[in-house]
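One structure is given below, encoded as C-alpha cells.
None of the figures in this text is laboratory data; all of them are computed from the coordinates on show. Because the structure is a prediction, the values reported are computed rather than measured. Here the Cβ positions follow ideal geometry from the backbone for every residue, glycine too, while neighbour counts run over all protein chains shown.
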Amino acid sequence: MKLNRKLLWMLCICLLMAFPVNFEANAQEESASDAVDTTGIPPAPPVNVQAMDKPNDNGHGIVITWEPSPDEDRAEDGVIGYSLYRSDEKDGDYTEVRTIAAGMYSIDYEGEVYKYEDQDDREKIGSNPNPDFLEKGKTYYYKIQTTTATGLTSEFSEPVSAAPRGDWFHTGKTSYFIAIIIYFALVLTYIRQAKKGVHLYIRPIGGIEAIDNAIGRATEMGRPILFVLGTGSAADIATIAGYTILARVAKKTAEYQIPVLVPVNEPVVMSVAQETVRAAYAEAGRPDLYDEKNIPYVTAMQFPYVAAVNGIMMREKTATNFYMGLFHAESLLLAETGATTGAIQIAGTDQPAQLPFFIAATDFTLIGEELYAASAYLSKEPLLLGPLKAQDYAKALIIFFVIIGTITLSLGWDFVANIFETSI
Amino acid sequence: MTTSELLLNGLAAFLTLCIFSFLYKDNPFYKFAERLVAGVSAGYWTMLLYHTSFHDKVIVPIFQQGYWWYIIPTILGIMMWTRFSKKWAWLSRISLAFYMGIATGTSIPVVMYAAIYKQLEGSMNQITTDATGINTLLMTIGLICAVSYFYFSKEHDGWFGGMSRVGIYTLMIGFGAGFGLTVMGRIALLIERIIFLRDYLLVLFGG
C-alpha cells in the first residue's frame with residue numbers, strides 16, 4: 001500500500017510538472033497558426049515623427065525624433081533601419097541625410113524612441129564646423145522611410161518641419177553660471193580685502209622658497225638660467241602661471257646681471273614671454289640688458305623642440321633650469337638631461353601624468369595648484385591673492401559636496417549628485 | 001625592400017643612432033640630427049599653419065565665402081606683426097590682450113565641466129558594505145585629504161596637517177603608479193626603435 005501511495009504521489013507531481021509545458025506548447029502552436037508570413041509586404045513607416053530646433057546650440061542644428069515602425073519586430077523580414085531625408089521645401093526634392101539602425105534607441109528618452117541631431121558632424125566634435133550647414137531661421141522638412149532586411153522600403157512618413165535658431169543661454173550650464181557668480185563674488189570680496197591691507201595668509205611652499213636660492217646659485221657660477229614654459233598654448237592656465245614666475249625670475253636675473261634663456265615652441269607664447277621679460281628688466285631698472293634673442297622661437301613640434309632645448313642645456317651649461325607651464329611627454333626628457341648637466345632644477349605643472357617625472361628628476365616640484373599659488377605668493381599682489389583665497393573657499397565647498405554627496409548616495413538619495421550632472 | 005626604401009630607412013637608422021649618441025655626450029652627430037629635426041619641423045609647421053589657419057580661416061572665408069567680418073580677427077593677427085617695428089610694437093599688445101582674454105574666458109566653462117563638475121560627479125559614489133565599498137571609502141578619504149593639501153590659507157599643522165600629509169601620500173601613490181605605467185610605455189618605444197634598427201641591419205646584411 002505504501003508503495004502504491006508513493007507511486008500515486010509521484011504520478012500527481014509528474015502531471016503538475018507536465019501541465020505548464022503543455023500550456024506553453026499549446027501557446028506556441030496557436031502563435032504559429034496566427035503568424036502571418038510578411039515576406040514581400042512593405043513595412044509601415046515610423047510613427048510620431050517630430051522635428052524641433054536643437055536646444056542650446058548656435059542655431060545650426062535640428063533634432064528629429066520618431067517611434068518605431070509597427071513592423072519593427074515582425075517575425076519575417078524585420079526592419080533593419082530608418083532612412084532620414086531632408087528638404088528645404090515641403091514638396092521639394094528630399095536628400096538622404098543618414099540611416100539609423102533599428103534598435104538604436106536614444107538614451108535621452110524613456111521607451112523606444114529614436115533621435116537624430118541634424119548638424120555638421122564637425123560641430124559634434126567641436127572641429128571647425130561648416131557655418132552654412134543649416135541656415136539659421138530657415139525651415140527644413142524631414143521625412144523618414146523604413147527599410148527591411150530584404151531591402152523593402154515603406155512609404156515616407158508625413159513631412160515634419162523645424163527651423164534652427166541660436167540660443168543665447170545654454171540651460172544645461174545654469175549650474176556653472178551660479179557657481180561662477182558665487183566664485184567671482186568671493187574673488188572680488190577678497191581682492192577688496194587685500195587692497196584694504198587686510199593680511200591674507202598663504203602657507204610657505206617649498207619649491208617657491210627655492211627660486212631665489214636657485215637664481216643666486218646661477219649668479220655665483222656666472223652661468224645662464226634656462227626657463228622653459230612648456231608646450232602649451234599662450235592661453236593655457238599653466239602657461240599663464242609660468243609667465244608670472246618668469247617675470248619674477250627675469251627681474252632677479254636683471255638685478256644680478258645674468259642672462260635668462262627662454263626657448264619657446266609657440267609664436268604667441270614667444271611674444272608674451274618677450275613682453276614679460278622686457279617688462280621685468282624695465283622694472284629692475286636694467287632695460288639695457290634685455291636681449292630679445294634670448295627668447296627665441298624654436299619649433300612648434302614637441303620632440304624637435306626637446307632636442308633643441310636639450311642641446312641648449314648642454315652647450316650653454318645652464319646653472320638653473322625652470323620648467324613652469326604645461327608639459328606633455330617631453331617632461332622627463334628635459335628634466336633628465338638637466339639633471340645630467342648638474343643644474344639645479346625647479347619644475348611646476350598641472351599635468352598629473354607629468355608630475356611623477358618632475359618629482360623624480362628635479363630638485364623641487366610645484367604640484368598642480370602650487371604652480372598657480374606661486375604667482376600670488378611671489379608677487380603678493382591683491383589681484384592674485386584675492387583669487388587664491390577664493391579658490392581655497394571653493395576647495396572647501398568641493399570637500400563639503402564630496403562628503404555630503406557620498407553620504408546621501410549611500411543612503412539612496414541622489415539629489416546632491418544630480419546637481420553636478422550637466423552638459424558641456 | 002626597394003632601393004629608395006633602403007636609402008630612406010638607412011637615413012632614419014642613421015638619425016636614430018645620431019640621437020642615441022646623446023646618451024654618451026653632446027657630439028657633432030647629435031647636433032646635426034637635432035638641428036635637422038628642429039629645422040625641418042619648423043618649416044613643416046609653418047606650412048601647416050599657413051594651410052590650416054591662414055588659408056582655411058582667412059582666405060577661404062573672406063575671399064571665397066564672403067564673410068567680411070573675418071577681417072576683424074585678421075587685422076588683430078596682422079597687428080602681431082607690428083612687433084618688428086619699435087614705433088608700432090605697442091599695437092601687438094592689443095592683439096595679445098584680446099587673445100589672452102578671449103581664450104581664458106572661453107576656457108572657464110570647459111574647465112568647470114572637465115576639472116570640477118565631472119570630477120565631482122565621479123567622486124560621489126555609494127559606499128556599500130562589500131569590498132567595493134571599502135575601496136570607495138578609501139578613495140573618498142584620499143581625495144578629501146589630497147584636496148586639503150592644496151589649501152593654502154591655513155598652516156598645515158595639527159589635525160589639518162595630518163590630513164594634508166595623508167593627501168600628499170595619496171598623491172605620491174598615484175604618481176608612483178603613473179610613473180611605472182609611463183616608463184613601461186617608453187621602454188616599448190625603445191624596443192620598437194631597436195627592432196627597427198635590427199630589421200634594417202638584417203635587410204642590409206641579408207640575415
So if I place +1 on the C-beta of Lys and Arg and -1 on the C-beta of Asp and Glu, and nothing else carries charge, what would the dipole magnitude of the protein assembly as shown be about its Cα centre? I want it in debye, nearest 20.
3440 debye
Near B:Lys118, which lysines are there with a Cα under 30 Å away, not counting those fewer than 8 places off in the same chain?
A:Lys54, A:Lys115, A:Lys124, A:Lys173, A:Lys389, A:Lys395, B:Lys154
With axes computed from alpha carbons, what is the tilt in degrees of helix A:2-34 against the longest principal axis of chain A, rounded to the nearest 10 within 0 to 90?
80 degrees
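Roughly how many debye, to the nearest 20, is the charge dipole of chain B about its Cα centre, given +1 on each Lys and Arg Cβ, -1 on each Asp and Glu Cβ, and no other charges?
Using Cβ point charges on Lys, Arg, Asp and Glu, chain B gives about 800 debye.
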Would you mind counting up the charge near A:Thr239? Only other residues with Cβ under 13 Å from its Cβ, with Lys and Arg at +1 and Asp and Glu at -1.
-3
In terms of the charge dipole of chain B, which places +1 on Lys and Arg and -1 on Asp and Glu at the beta carbon, the residue among B:Phe179, B:Leu202, B:Ser21 farthest towards the positive end is B:Ser21
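What helices does chain B hold that run 24 Å or longer along their axis, going by alpha-carbon atoms, with a Kyte-Doolittle average of 0.0 or more, using DSSP H for the helix calls? Don't skip to the end; give the middle numbers.
Working: long enough: B:3-20 (25 Å, 1.63); B:28-49 (31 Å, 0.61); B:90-111 (31 Å, 1.13); B:131-149 (27 Å, 1.51); B:158-205 (69 Å, 1.23).
TM-like helix candidates: B:3-20, B:28-49, B:90-111, B:131-149, B:158-205.
What's the extension gain from A:Ile399 to A:Phe415 if we count 0.36 nm per residue and subtract their Cα-Cα distance?
4.1 nm
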In whole angstrom, and with the biggest value first, how far do the Cα coordinates of the protein assembly as shown range along each principal axis?
108, 75, 74
Out of A:Leu333, A:Thr174, B:Thr52 - ranked by how far each Cα lies towards the positive end of the dipole of the protein assembly as shown, with unit charges on the beta-carbon of charged residues - the top one is A:Leu333
Measure nothing fancy, just the Cα-based angle from helix A:267-283's long axis to the longest principal axis of chain A, in degrees from 0 to 90, nearest 10.
30 degrees
Helix-only CD estimate at 222 nm, as mean residue ellipticity for chain B, using -39500 (n - 2.57) per DSSP H run (n ≥ 4)
-24000 deg cm²/dmol
When Cβ neighbours within 10 Å are restricted to other protein chains, what is their mean count per residue of peptide B:95-105?
3
Global geometry of region B:49-207, whether rounded, prolate or oblate, following the gyration tensor of its Cα atoms and the 1.5 cut on a/c:
oblate
Farthest positive-ward along region A:341-424 dipole, Cα basis, beta-carbon charges - from A:Asn418, A:Ala394, A:Leu378
A:Leu378
Determine the dipole magnitude for region A:206-380: charges of +1 sit on the beta-carbon of Lys and Arg, -1 on that of Asp and Glu, nothing else is charged, the reference point is the Cα centre, and the result goes in debye to the nearest 20.
360 debye
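With n ≥ 4 as the cut-off for DSSP H runs, can you work out [θ] at 222 nm for chain A, using -39500 (n - 2.57) per run divided by the number of residues, rounded to the nearest 500?
Per the formula, -15000 deg cm²/dmol.
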When we measure straight from the Cα of B:Lys87, which lysines land under 27 angstrom away, once same-chain ones fewer than 8 places off are left out?
A:Lys251, A:Lys293
For the pair A:Leu188 and B:Phe14, how long in nm is the line joining their label points, each one 7 Å along Cα→Cβ?
6.6 nm
Rounding to the nearest 10 and keeping the result within 0 to 90°, find how far the Cα-based axis of helix A:206-221 lies from the longest principal axis of chain A.
40 degrees
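Per-residue mean of other chain beta-carbon atoms within 10 angstrom of the beta-carbon, peptide A:298-310?
That works out to 6 on average.
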Over the whole of A:210-223, what's the average partner chain Cβ count within 10 Å per residue? Rounded to a whole number, please.
0
What nm value, rounded to one decimal, do you get for the distance between B:Ile94 and A:Ala149 when each label is placed 7 Å out toward the C-beta?
6.8 nm
How far apart, in nm, are the 7 Å Cα→Cβ label points at A:Arg217 and B:Ser107?
2.9 nm
Taking 0.36 nm per intervening residue step and subtracting the Cα-Cα distance, what contour gain separates B:Ile59 from B:Ala115 on full extension?
16.5 nm
